[in-house]
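Data first, discussion second: the structure below is written as C-alpha coordinates.
The values are calculated or read from the model by the stated rules, or taken from the named source; none is laboratory data. No experiment lies behind these values; they were computed from the predicted model shown. Glycine gets a Cβ as well: all are built from the backbone with ideal geometry, and neighbour counts include every protein chain shown. Accessible surface is based on the protein model in full, side chains and every heavy atom, while ligands, DNA and RNA are left aside. Shrake-Rupley method; radii C 1.70, N 1.55, O 1.52, S 1.80 Å.
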Amino acid sequence: MYNRADDAQKVKMTITQRKFVAYYRHFEKSKTQNSLGTQRAKVAKFVEENKATLIADYTENEAKFGKTRPALAAAIAVCKKNKAKLLIATLDKLNTDAAFSEVLLDDTKVNFVCVEFPIATREMLKMRMVFQEWENQKIAVRTSAALQKLKKQGVKLGSPRPEIGSEAGNK
(Lines give C-alpha, C1' and ligand atoms only; values in the text may rest on other atoms or scores of the structure.)
Protein backbone atom coordinates (compact mmCIF):
# COMPACT_ATOMS: atom_id res chain seq x y z
CA MET A 1 0.00 0.00 0.00
CA TYR A 2 1.28 3.45 -0.94
CA ASN A 3 2.08 5.62 2.04
CA ARG A 4 3.10 9.20 1.37
CA ALA A 5 4.48 9.61 4.91
CA ASP A 6 6.95 6.75 4.35
CA ASP A 7 8.05 8.33 1.08
CA ALA A 8 8.56 11.69 2.76
CA GLN A 9 10.77 10.04 5.38
CA LYS A 10 12.89 8.44 2.65
CA VAL A 11 13.32 11.83 0.99
CA LYS A 12 14.39 13.40 4.29
CA MET A 13 17.09 10.81 4.67
CA THR A 14 18.33 11.07 1.09
CA ILE A 15 18.39 14.81 0.52
CA THR A 16 22.06 15.69 0.60
CA GLN A 17 21.77 18.97 -1.19
CA ARG A 18 20.03 21.32 1.22
CA LYS A 19 19.99 24.55 -0.82
CA PHE A 20 16.72 25.33 -2.56
CA VAL A 21 15.20 28.00 -4.76
CA ALA A 22 11.42 28.14 -4.46
CA TYR A 23 9.24 28.70 -7.50
CA TYR A 24 5.61 29.70 -7.12
CA ARG A 25 3.09 30.08 -9.88
CA HIS A 26 0.09 32.27 -9.21
CA PHE A 27 -2.92 33.00 -11.38
CA GLU A 28 -4.45 36.35 -10.49
CA LYS A 29 -8.04 35.12 -10.61
CA SER A 30 -7.38 31.78 -8.93
CA LYS A 31 -8.88 31.02 -5.54
CA THR A 32 -8.08 27.32 -5.53
CA GLN A 33 -6.57 25.29 -2.73
CA ASN A 34 -3.13 25.83 -4.25
CA SER A 35 -3.16 29.59 -3.91
CA LEU A 36 0.07 31.46 -3.47
CA GLY A 37 -0.28 31.42 0.33
CA THR A 38 -0.85 27.68 0.37
CA GLN A 39 2.17 27.07 -1.88
CA ARG A 40 4.35 29.22 0.39
CA ALA A 41 3.16 27.34 3.48
CA LYS A 42 3.93 23.94 1.89
CA VAL A 43 7.41 25.07 0.88
CA ALA A 44 8.13 26.59 4.31
CA LYS A 45 7.08 23.37 6.03
CA PHE A 46 9.28 21.28 3.71
CA VAL A 47 12.30 23.56 4.25
CA GLU A 48 11.85 23.44 8.03
CA GLU A 49 11.32 19.67 8.21
CA ASN A 50 14.38 19.01 6.06
CA LYS A 51 16.61 21.57 7.78
CA ALA A 52 17.20 23.10 4.37
CA THR A 53 18.07 26.62 3.25
CA LEU A 54 15.88 28.63 0.93
CA ILE A 55 18.33 30.90 -0.91
CA ALA A 56 15.76 32.63 -3.14
CA ASP A 57 12.17 32.48 -4.24
CA TYR A 58 10.43 33.52 -7.43
CA THR A 59 6.76 34.04 -8.15
CA GLU A 60 5.22 33.90 -11.59
CA ASN A 61 2.14 36.16 -11.60
CA GLU A 62 0.00 35.22 -14.54
CA ALA A 63 -3.24 36.71 -15.74
CA LYS A 64 -3.42 34.30 -18.68
CA PHE A 65 -1.81 31.06 -19.76
CA GLY A 66 1.45 32.40 -21.15
CA LYS A 67 4.17 30.48 -22.90
CA THR A 68 7.02 32.41 -21.30
CA ARG A 69 7.97 32.00 -17.67
CA PRO A 70 10.57 34.67 -16.81
CA ALA A 71 10.44 33.94 -13.06
CA LEU A 72 11.06 30.24 -13.73
CA ALA A 73 13.99 31.08 -16.00
CA ALA A 74 15.44 33.32 -13.27
CA ALA A 75 14.93 30.60 -10.63
CA ILE A 76 16.66 28.03 -12.82
CA ALA A 77 19.59 30.40 -13.39
CA VAL A 78 20.01 30.86 -9.62
CA CYS A 79 19.81 27.09 -9.12
CA LYS A 80 22.58 26.49 -11.66
CA LYS A 81 24.77 29.27 -10.26
CA ASN A 82 24.43 28.06 -6.66
CA LYS A 83 24.11 24.32 -7.29
CA ALA A 84 20.71 24.39 -5.62
CA LYS A 85 17.52 22.46 -6.27
CA LEU A 86 14.35 24.04 -7.58
CA LEU A 87 11.54 23.57 -5.07
CA ILE A 88 7.91 23.64 -6.11
CA ALA A 89 4.92 23.09 -3.86
CA THR A 90 2.63 21.30 -6.24
CA LEU A 91 2.79 19.87 -9.74
CA ASP A 92 -0.38 21.52 -10.97
CA LYS A 93 1.42 24.84 -10.95
CA LEU A 94 4.15 23.53 -13.23
CA ASN A 95 2.62 21.05 -15.63
CA THR A 96 0.02 23.04 -17.54
CA ASP A 97 2.36 23.14 -20.54
CA ALA A 98 3.96 19.73 -21.09
CA ALA A 99 6.28 20.89 -23.86
CA PHE A 100 7.72 23.65 -21.66
CA SER A 101 7.96 21.40 -18.63
CA GLU A 102 9.82 18.77 -20.62
CA VAL A 103 12.55 21.31 -21.29
CA LEU A 104 12.93 21.71 -17.53
CA LEU A 105 12.85 17.96 -16.98
CA ASP A 106 15.45 17.37 -19.68
CA ASP A 107 17.84 19.93 -18.18
CA THR A 108 19.96 17.61 -16.07
CA LYS A 109 21.87 20.56 -14.59
CA VAL A 110 18.77 21.49 -12.60
CA ASN A 111 17.30 19.10 -10.09
CA PHE A 112 14.01 19.83 -8.45
CA VAL A 113 11.77 18.57 -5.70
CA CYS A 114 8.01 18.77 -5.59
CA VAL A 115 6.79 19.08 -2.00
CA GLU A 116 3.60 17.11 -2.64
CA PHE A 117 5.44 14.33 -4.51
CA PRO A 118 9.06 14.39 -3.29
CA ILE A 119 10.11 10.95 -4.55
CA ALA A 120 9.10 11.65 -8.12
CA THR A 121 11.65 10.88 -10.79
CA ARG A 122 11.99 12.84 -14.01
CA GLU A 123 10.33 9.99 -15.91
CA MET A 124 7.37 9.85 -13.53
CA LEU A 125 6.85 13.58 -13.84
CA LYS A 126 7.06 13.48 -17.63
CA MET A 127 4.32 10.84 -17.70
CA ARG A 128 2.13 12.86 -15.34
CA MET A 129 2.60 15.95 -17.47
CA VAL A 130 1.67 14.15 -20.67
CA PHE A 131 -1.50 12.81 -19.03
CA GLN A 132 -2.31 16.26 -17.64
CA GLU A 133 -2.00 17.82 -21.08
CA TRP A 134 -4.21 15.06 -22.54
CA GLU A 135 -6.79 15.66 -19.81
CA ASN A 136 -6.72 19.43 -20.44
CA GLN A 137 -7.38 18.84 -24.14
CA LYS A 138 -10.32 16.54 -23.35
CA ILE A 139 -11.77 19.12 -20.96
CA ALA A 140 -11.46 21.82 -23.63
CA VAL A 141 -13.30 19.65 -26.18
CA ARG A 142 -16.11 18.85 -23.73
CA THR A 143 -16.45 22.48 -22.68
CA SER A 144 -16.56 23.68 -26.27
CA ALA A 145 -19.20 21.09 -27.17
CA ALA A 146 -21.34 22.04 -24.17
CA LEU A 147 -21.13 25.75 -25.06
CA GLN A 148 -22.04 25.05 -28.69
CA LYS A 149 -25.05 23.03 -27.53
CA LEU A 150 -26.19 25.90 -25.31
CA LYS A 151 -25.77 28.37 -28.19
CA LYS A 152 -27.95 26.19 -30.42
CA GLN A 153 -30.58 26.18 -27.68
CA GLY A 154 -30.59 29.99 -27.76
CA VAL A 155 -28.86 30.55 -24.45
CA LYS A 156 -27.01 33.86 -24.37
CA LEU A 157 -23.42 33.23 -23.30
CA GLY A 158 -21.07 35.65 -21.57
CA SER A 159 -21.16 37.84 -18.55
CA PRO A 160 -24.37 39.72 -17.81
CA ARG A 161 -22.15 42.49 -16.41
CA PRO A 162 -19.00 42.72 -18.55
CA GLU A 163 -17.44 45.28 -16.22
CA ILE A 164 -16.98 42.50 -13.64
CA GLY A 165 -16.90 39.56 -16.00
CA SER A 166 -14.48 38.19 -18.51
CA GLU A 167 -11.62 40.14 -20.03
CA ALA A 168 -13.42 39.98 -23.37
CA GLY A 169 -16.26 41.94 -21.81
CA ASN A 170 -13.82 44.61 -20.64
CA LYS A 171 -12.56 45.44 -24.12
*Extending each Cα 7 Å along its Cβ direction at Arg18 and Thr68, get the distance between those two points in nm, one decimal.*
3.8 nm
*Once fully extended, how much extra length lies between Asn111 and Ser159, figured as 0.36 nm per residue of separation less the alpha-carbon to alpha-carbon distance?*
12.9 nm
*Ranked by accessible surface with a 1.4 Å probe, highest first, in what order do Met124, Met129 come?*
Met124, Met129
*Between Ile139 and Lys81, what is the FRET efficiency for a Förster distance of 35 Å, r being their Cβ-Cβ separation, to the nearest 0.05?*
0.35
